[in-house]
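Below: the structure, in structure tokens.
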Amino acid sequence: MPPKQKSKSWAELKQAGNECFKTGQYGEATNLYSQAIKALEKNSKRNPEDLAILYSNRAASYLKDGNCGECVKDCNMSLELSQFNVKSLLRRAAASEALERYRQAYVDYKTALQIDCNIAAAHDGTNRMTKALTETDGPSWREKLPPIPTVPLSVKEKLAQKSAGNVTQQSPTPQQNGTTQTKKPAPSDKEIKKAQALKEEGNALVKKGEHKKAIEKYSQSLKHNPTEVTTYTNRALCYLSVKQYRDAIRDCDEALVIDSNNVKALYRRAQAHKELKDVRACVDDLNTLLKVEPKNSAALKLLQEVQKKK
């Protein structure tokens with residue numbers, strides 16, 4: 001008989017899940033996180049914060065797969081175990097927004113900003129929710145909000161210390177979300193102008209077909225202003241042109257953290273997934289895009305092309 005294989009520890013399963021998540025294998029990542037949760041729950045010495053991170057990571061996978069209901073459930077579990085987990089707040093906010101639960105999304109975005117006022121995705125989400133709630137509930141929309149939790153100063157200080165000492169932990173992505181990076185300090189007017197000038201230089205290089213040089217310009221631009229969504233989508237286009245498909249996906253992920261319905265980011269990420277032969281991820285992105293723009297001819301054409309090859 002062959003020797004019995006040693007079962008993997010929850011930490012090994014979590015790491016394997018993280019690797020799958022990074023490469024866009026969200027279904028497999030969800031499966032591995034589920035196994036890790038079961039393994040850790042059986043451990044009598046389990047740490048609630050470790051379990052909170054596992055639920056939050058699985059929530060990110062559900063979010064990427066468009067399973068917003070399960071994402072919310074996992075974020076709820078994570079936040080019961082670790083009340084002010086920023087990533088869980090952002091992921092639940094993104095899922096609630098996708099489910100058109102704008103009040104809950106607003107509360108979560110605002111709570112995240114109490115913990116860290118430099119989270120660009122939370123600022124942008126708050127602005128979107130303010131607009132949506134004004135349209136649906138009128139000028140008195142604030143009166144209909146659930147209570148916004150007050151984050152104690154001691155919690156803020158503890159979380160700030162932890163994030164400063166934990167640079168390797170997996171970052172979210174709200175659709176946004178499993179996002180790769182949430183902290184983007186607001187740039188000054190001077191930085192924005194410098195970034196814009198460099199971006200325009202990159203655009204000029206793209207017109208000349210000099211994509212590698214354009215990538216350098218866009219990269220320089222993003223150092224000055226990491227909150228400009230079109231710079232990410234422009235650089236993603238260049239990465240596609242030079243066949244650096246994983247880099248293109250990363251840039252589209254960043255763009256979608258800032259704007260979860262960005263059509264260019266969804267389309268270019270779908271193109272990259274197609275080249276990497278990840279048909280499911282490609283189709284998911286195209287279907288999400290077509291919910292935003294049902295008559296987008298490029299997306300319809302690519303979807304038809306990919307489905308023929310299935």
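For the range 71-91, the residues whose amide N sits under 15 Å from a probe point set 7 Å from the Cα of LYS291 along the beta carbon direction are 71-72. Heavy atoms of the protein chains alone define the surface here; on that basis the chain has 53 Å² accessible area per residue at 1.4 Å probe size. Legend: residues THR233, THR150, THR288, sorted from most to least accessible area (1.4 Å probe; ligands, DNA and RNA excluded), read THR150, THR288, THR233. Under the simplified labelling scheme, the GLU19-ALA298 pair shows an inter-label distance of 3.5 nm, with each label point 7 Å from Cα along Cα→Cβ. Charged side chains reduced to their Cβ positions (Lys and Arg at +1, Asp and Glu at -1) give the chain a dipole of some 740 debye around its Cα centre. Taking ASP116, ASP251 and ordering them by how much accessible surface each has at a 1.4 Å probe, largest first, produces ASP116, ASP251.
Taking the Cα atoms of the chain, the ratio Rg/Rh between the radius of gyration and the Kirkwood radius comes to 0.99.
Could you pull out every one of the lysines with an alpha carbon less than 16 Å from that of LYS277, ignoring same-chain neighbours closer than 8 positions? Straight-line reach from LYS277, under 16 Å: LYS22, LYS243, LYS308, LYS309, LYS310. Work out the FRET efficiency for ILE148 and ALA11 from their Cβ-Cβ distance, taking R0 = 30 Å, and round it to the nearest 0.05. Taking R0 as 30 Å, the efficiency between ILE148 and ALA11 is 0.30.
Heavy-atom accessible area with a 1.4 Å probe sorts LEU240, LEU81, largest first, into LEU81, LEU240. Expressed as a whole percent, the accessible area of the chain that falls on carbon and sulfur atoms is 50 (1.4 Å probe). Legend: Rg and Dmax of the range 187-308, from Cα coordinates, 14.7, 50 Å.
The values are calculated or read from the model by the stated rules, or taken from the named source; none is laboratory data. Please read these numbers as outputs of a predicted model, since none were measured by experiment. Cβ: placed from backbone, ideal geometry, glycine included. Neighbour counts: every protein chain shown. These accessible areas exclude ligands, DNA and RNA; they are computed on the full protein's heavy atoms, side chains included. Shrake-Rupley method; radii C 1.70, N 1.55, O 1.52, S 1.80 Å.
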